[in-house]
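Right, one structure below, let's go through it.
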Amino acid sequence: MREDRDDDLRQEVLAMLVITRREGEEVVIGDPSSPLGVVRVAVIKGDRVRLAFEFPREVDVHRREIADQIMADEETPSVAGQIRPASEA
């Protein structure tokens, strides 16, 4: 039963919500009465936008390029030992 719910949640994650916010405005993540976190548009200068994230420390927040690197590192198999030439064995 829980696996079905987890599958439903994964499918919901595939949708992307696109909203417009002005400088100083916020987006509440999760239940508004007890939010998981808040994203605030801190500063807009030209084509640059500075966002502020207010989340508990146990919630990881990464830029996309960092998240991709973390995922790539996790997929790379670790080496159990060192490979030496046969002459050193």
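For this structure, a couple of remarks:
- Every residue from region 47-79 that is of a type in the set (Asp, Glu) and loosely packed, with under 11 Cβ neighbours inside 10 Å: 47, 58, 60, 65, 73, 74, 75
- Number of residues in region 1-28 that are outside any loop (DSSP other than H, G, I, E, B), modelled with pLDDT under 95 and not basic (Lys, Arg): the value is 9.
The values are calculated or read from the model by the stated rules, or taken from the named source; none is laboratory data. The model shown is predicted, which means the values in this text are computed figures rather than measured ones. Glycine also receives a Cβ, built like all others from the backbone with ideal geometry; neighbour counts cover every protein chain displayed.
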